[in-house]
Amino acid sequence: MTIFGVPTQALFGQLLIGLINGSFYALLSLGLSVIFGLLNIINFTHGAQYMMGAFVAYFLLQWAGLGYWWALLIAPVVVGITGIVLERTTLKRLYQLDHLYGLLLTFGFALIIQGLFRHEYGSSGLPYAMPGELAGGRNLGFMFLPNYRAWVIVFSLAVCLTTWYVIERTRLGSYLRAATENPALVQAFGINVPRMITLTYGFGVGLAALAGVLAAPIYQVNPLMGADLIIVVFAVVVIGGLGSIMGSIVTGFGLGVVEGFTKVFYPEASNTVIFVIMAVVLMVRPTGLFGRAS
Amino acid sequence: MTATTDQYVGSAAPAVTGVSTPRVVAFLAMTTALVAAPFFVYPIFLMKALCFALFACAFNLLIGYVGLLSFGHAVFLGSAGYGAAHSAKVWGFAPELAILFGTAVAAALGVVIGALAIRSKGIYFANITLAFAQMAYFFSVQAAFTGGEDGIQSVPRGALLGVLDLRDTLTLYFVVLVIFLVGFLLIYRAIHSPFGQVLKAIRENEPRAISLGYRAEQYKLLAFVLSATFAGLAGATKALVFQLASLTDVHWTMSGEVVLMTLLGGLGTVFGPVVGAFIVVTLENYLAQLGAWVTVVQGVIFVVCVLTFRRGVVGELGTLLRKSL
């Protein structure tokens with residue numbers, strides 16, 4: 001069976017890969033968006049923190065014998081705490097300055113973290129075993145679906161939607177959105193905005209680490225796994241509109257799928273298609289698909 | 001027109017001409033040092049530093065005077081390198097034509113990318129330029145003429161204007177030095193012209209500049225294209241010096257490096273990018289055998305600069321001497 005001259009097997013295979021990549025794009029751009037919303041900083045360290053998540057999972061297994069499920073719980077917390085330390089000690093000094101300094105500082109941290117890990121572990125990947133419960137796969141008739149990949153898609157979608165719900169539909173989220181609009185006024189109402197900023201940064205970083213743990217069994221654990229990925233995620237965020245929560249989720253998954261299909265129909269463009277879309281979107285809507293006019 | 005107050009960087013500079021005694025002294029000192037240097041220091045190393053210095057000056061034109069942080073300037077350095085290398089090697093262009101052609105390639109790319117990116121500001125602008133640069137990078141990986149991972153190797157240096165044999169390292173050095181000085185002075189002239197004053201006005205308060213009748217977008221685009229062109233000049237020259245155009249020059253780490261040089265030297269200072277480029281190139285030269293530590297050191301410099309040293313070496317020196325450098 002073929003569609004547009006392409007075997008359905010290949011088509012669905014690439015759709016699956018697209019959804020997997022989309023899951024990572026969505027989780028990472030969601031974290032970037034949440035951070036940007038409150039801190040007005042583009043967190044360039046995000047790719048390194050994603051990599052740290054995968055490494056924490058690897059360390060937990062090597063040193064403590066704690067498997068995948070523990071890693072899924074512990075890694076985001078550990079990496080989130082390093083993020084909180086980073087925010088408390090350095091980032092918070094820059095809020096009064098041009099936002100570009102935040103970009104430069106986090107870029108510096110990304111270089112340091114990636115450099116240290118590369119020095120210690122080289123640039124070849126370390127294997128991370130798939131959890132036993134999710135090994136194998138099932139035949140859907142038209143394609144073979146590995147269980148682990150299905151899990152990644154479902155789980156990251158659930159995390160994304162929960163985050164969206166918390167921010168858009170709960171009281172805590174309303175404080176957060178209010179602080180995004182006018183931090184001084186929210187503080188005047190007795191809410192500890194600096195602490196909220198710190199925790200938000202920790203949460204965004206935790207999301208990146210979570211994505212890292214999810215990625216560990218699929219890709220290998222590699223010091224540079226986040227270095228190039230983060231550039232694509234930046235494009236995803238720009239397309240979705242900086243600071244838009246739903247925008248990040250929808251464009252994350254959507255662009256993953258578009259990229260997957262491009263691999264089937266015009267493989268040469270698969271690396272660049274997201275950037276081309278970005279250029280087109282910017283011509284039509286400079287603030288991104290879901291962004292508000294600044 | 002009076003001097004603008006520099007909210008971001010340095011202190012007020014003499015209006016329009018920008019020529020002041022400390023600057024003249026600094027320029028003469030720099031030129032003398034660079035003329036004498038090849039007799040004491042390895043010339044190839046100096047030429048590398050000069051190319052990066054010009055690259056950083058071009059970058060500084062945009063960040064220091066328009067307030068736009070481009071995180072994709074490698075695309076201009078790299079594309080000009082490919083243009084020069086390809087035209088010299090495959091089409092047999094003379095070196096001066098190859099450099100001009102490479103520069104023209106970068107300028108053309110500057111028009112296209114600039115037209116798309118200039119409508120955004122701040123972080124958006126940084127992200128968009130970064131994405132375009134990445135697009136150019138993937139194009140360079142795949143396109144046939146760039147030679148992919150190998151790059152374009154053993155580019156002939158030829159003879160400049162058919163007279164000066166560039167295979168002689170010292171001759172090449174002085175040609176590169178002249179190119180650098182011409183680029184440096186042209187950028188200096190652009191910054192301190194009425195055009196440069198309008199750029200600063202737009203940086204300080206864009207709506208106000210527009211209400212005064214300046215077409216802000218056109219000014220910003222012109223500044224972007226100028227910056228791309230000079231970055232291209234640096235890239236094309238670099239390709240002839242090293243007889244190589246490769247993916248390294250298009251990769252986003254190179255865009256990060258030029259930010260580092262300019263930040264370290266001093267954003268928006270005249271001599272800062274040159275000093276920053278020389279420091280970074282020297283550091284990399286000494287740290288090269290340490291592998292991944294280069295990245296760590298670069299990261300540390302970024303962090304230290306941003307947290308404690310935002311004016312950069314030259315900016316801090318200027319504040320100390322109470323002179324605008």
Using +1 at the C-beta of Lys and Arg and -1 at the C-beta of Asp and Glu, which of B:ALA209, B:VAL241, B:VAL66 has the Cα lying farthest in the positive direction of the dipole of chain B?
B:ALA209
In whole angstrom, how long is each semi-axis of the equivalent ellipsoid of segment B:136-231, when you take the square root of 5 times every eigenvalue of its Cα gyration tensor and sort them from largest down?
37, 22, 9
What's the magnitude of the charge dipole for segment B:84-177 around its Cα centre, counting Lys and Arg as +1 and Asp and Glu as -1 at the beta-carbon? Answer in Debye, nearest 20.
320 debye
Give the calculated FRET efficiency between A:ARG169 and A:ASN40 to the nearest 0.05, with a Förster radius of 22 Å applied to their Cβ-Cβ distance.
0.40
Near B:SER246, within a Cβ-to-Cβ distance under 13 Å, what is the net charge of the other residues, with Lys and Arg +1 and Asp and Glu -1?
-2
Per residue and in cubic angstrom, what volume does the convex hull of the Cα atoms of segment B:208-325 have?
148 Å³
In chain B, once you exclude exposed trypsin sites (Lys or Arg not before Pro) (DSSP loop, at most 13 other Cβ within 10 angstrom), what's the longest stretch remaining?
B:1-166
From DSSP H assignment alone, runs of 4+ in chain A each adding -39500 (n - 2.57), the sum over residues rounded to the nearest 500 puts [θ] at 222 nm at -23000 deg cm²/dmol
With the crude spin-label approximation of a point 7 Å out along Cα→Cβ, what separation in nm comes out for B:PHE145 versus A:LEU140?
4.4 nm
How large is ³J(HN,Hα), in whole Hz, for each residue of segment B:45-51 in order, when computed from phi with the Karplus curve 6.51 cos²θ - 1.76 cosθ + 1.60 and θ = phi - 60°, using x for Gly and Pro?
4, 4, 5, 4, 4, 5, 4
Which whole-percent values make up P(r) of the protein assembly as shown when all C-alpha to C-alpha distances are grouped in 10 Å steps starting at zero?
3, 16, 26, 26, 18, 9, 3, 0, 0
Cleavage-rule hits (chymotrypsin sites (Phe, Trp or Tyr not before Pro)) in segment A:1-56: DSSP loop, at most 12 neighbouring Cβ within 10 angstrom
A:PHE4
So how far, in whole Å, is the C-alpha centre of segment A:11-49 from the one of segment A:153-180?
15 Å
Past the 23 angstrom mark, what percentage of all C-alpha to C-alpha distances in segment B:176-261 do you count?
38 percent
How big is the gap, in Å, between the Cα center of segment B:196-266 and the Cα center of segment A:55-90?
40 Å
In terms of the Cα gyration tensor, with a ≥ b ≥ c the square roots of its eigenvalues, is segment A:220-269 rounded because a/c is under 1.5, prolate because a/b exceeds b/c, or oblate?
oblate
Summing +1 per Lys or Arg and -1 per Asp or Glu among the other residues with Cβ less than 14 Å from B:THR262's Cβ gives +1
I'd like the chymotrypsin sites (Phe, Trp or Tyr not before Pro) in segment A:91-146 restricted to DSSP loop residues with at most 13 other Cβ atoms within 10 Å, sorted by number.
A:PHE142
For the protein assembly as shown, give the magnitude of the charge dipole about the Cα centre (Cβ charges: +1 Lys/Arg, -1 Asp/Glu; no others), in debye to the nearest 20.
1160 debye
Under 5 Å between amide H atoms, partner at least 5 residues away or on a different chain: which partners does B:VAL155 have, H built in plane at 1.01 Å?
B:LEU244
If every Lys and Arg gets +1 and every Asp and Glu gets -1 at its Cβ, then about the Cα centre chain B yields a dipole, in debye to the nearest 20, of 740 debye
Which whole-angstrom value gives the distance between the alpha carbon centres of segment B:96-119 and segment B:24-73?
20 Å
Work out the FRET efficiency for A:ARG285 and B:VAL178 from their Cβ-Cβ distance, taking R0 = 56 Å, and round it to the nearest 0.05.
0.75
Just to confirm the filter: which chymotrypsin sites (Phe, Trp or Tyr not before Pro) across segment B:47-104 are DSSP coil and have at most 10 other Cβ within 10 angstrom of their Cβ?
B:TRP91
List the residues whose amide H sits under 5 Å from the amide H of A:VAL221, counting only those 5 or more places along or on another chain, with H placed 1.01 Å from N in the peptide plane.
A:LEU126, A:TYR128
Given springs between every Cα pair under 10 Å in a Gaussian network model of chain A, which of A:GLY67, A:GLY243, A:GLY256 has the largest fluctuation?
A:GLY67
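Each value in this text was obtained by applying a stated rule to the coordinates, not by laboratory testing. None of these values were measured; they are calculated from a predicted model. Please note: Cβ atoms are built from the backbone with ideal geometry, for glycine as well, and neighbour counts cover all protein chains shown.
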